[in-house]
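Before any comments, here is the structure.
The values are calculated or read from the model by the stated rules, or taken from the named source; none is laboratory data. These numbers come from a predicted model, not from an experiment. Note: ideal-geometry Cβ built from the backbone for every residue, glycine included; neighbour counts use all protein chains shown.
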Amino acid sequence: MALSRCLPRYAKSSTPTAAAVAACLLAALAADASHAAGAQGRLEAEYVATVSGIPVGHGNWVVEISDTAYTATASGSTAGVLRLFSGAKGTGAASGTMSGAGPVPTNYAATIIDDRHVDEVHIALTGGNVTNFSAEPPLLPLPDRIPVTEADVRGVVDPMTSALSRVGGNGDPVSPAACQRRVAVFDGRVRYDLHSEFKRIETVKAERGYEGPAVVCALYFRPISGYVPGRSAVRYLIELRDAEVWLAPIAGTRVLVPFRVSMPTPLGPGILQAKQFVTVAQPPHAFAKSQ
């Protein structure tokens, strides 16, 4: 579930709740992105979501990248104190091809299940254009909702593919260039742009796996269509100016992915951070054999 439709779903007329923040932090794996890789590598990561230091969710993410293709799968659930009030779990997967211009998604699917809802999205794409999609439950046909047009779903990526950020050239990919980008995303209901800007370089250390530099990017959200302008949660995302995504590299590639995502919430700092971030370069043809 993408951040743009996650908060509005849980907070149609109020400030986002703790449950909403937890679900959205897990969804924030799809935080920022653009292009794709020209090498082979694999990432196995585990993340923990906290609000004001209290654990509220956890998830895992596996990414495999080759010269010609990529796959990404993720799963997560609420944890800790939130289990006393509600339970939620979700899965997602994306796949596509690699080209000189970047990752080209072909399929995306996501399912979120909580105590009251089952949310399912499927998107098929060709050449960056959506050819078919479904979302259950569908958006309510509200008169003030900005409709998604055919033009809105051309030249887009799905939320999970948007988490793959490639840096061109031959220098160190952990550089300011990783942040300077704007990405068009369609999540099955809402079309939005994610814009990131370089802030600084930090050193990170997972409990297991990666230790080294990460690029810290400011992250900004701009809805395009499929949303209701008057919703408080939408305004909250638009006005958010302190959200950050920390990008770390996948070995064997020039692709960086989120190691940490942080954003202020009405309940205190919301953070999604990698507890495990194990990434290895793969020899030629290893990706194909793993499929």
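Applying the selection to the stretch 30-65, what residues are at pLDDT below 90 and among the hydroxyl-bearing types (Ser, Thr, Tyr)?
Residue satisfying the conditions is Ser34 alone.
Please pick out the residue among Arg181, Arg191 that is crowded, with 17+ Cβ neighbours inside 10 Å, over 26 Å from Val48 (Cα atoms) and modelled with pLDDT of 95 or more. Before the answer, list the steps.
On the way: Arg181 fails: modelled with pLDDT of 95 or more.
None of the others qualify; the one that does is Arg191.
Name, by its number, the condition in (1) at negative phi; (2) touching a strand residue (DSSP E or B) at 6+ places or on another chain (Cβ under 8 Å) that does not hold for Gly209.
Against the list (1) at negative phi; (2) touching a strand residue (DSSP E or B) at 6+ places or on another chain (Cβ under 8 Å), Gly209 comes up short only on (1).
Given Ile112, Ile123, which one is of a type outside the set (S, T, N, Q), in contact with a Phe, Trp or Tyr (Cβ under 6 Å, 6 or more places away or on another chain) and more than 15 Å from Ser225 (Cα to Cα)?
Being of a type outside the set (S, T, N, Q), in contact with a Phe, Trp or Tyr (Cβ under 6 Å, 6 or more places away or on another chain) and more than 15 Å from Ser225 (Cα to Cα) holds for just one of Ile112, Ile123, which is Ile123.
So, of the residues in the stretch 275-291 that are outside any strand (DSSP E or B) and of a type outside the set (A, V, I, L, M, F, W, C), which turns out to be modelled with the highest pLDDT?
Ranking the candidates gives Gln282 first.
Need the failing condition index for Ser99 against (1) at pLDDT 90 or above; (2) under 23 Å from Val280 (Cα atoms), just the number.
Answer for Ser99: the failing condition is (1).
Of the conditions (1) touching a Gly at 6+ places or on another chain (Cβ under 9 Å); (2) at pLDDT 95 or above, Ala94 satisfies every one except a single condition; which number is it?
Just one mismatch for Ala94, condition (1).
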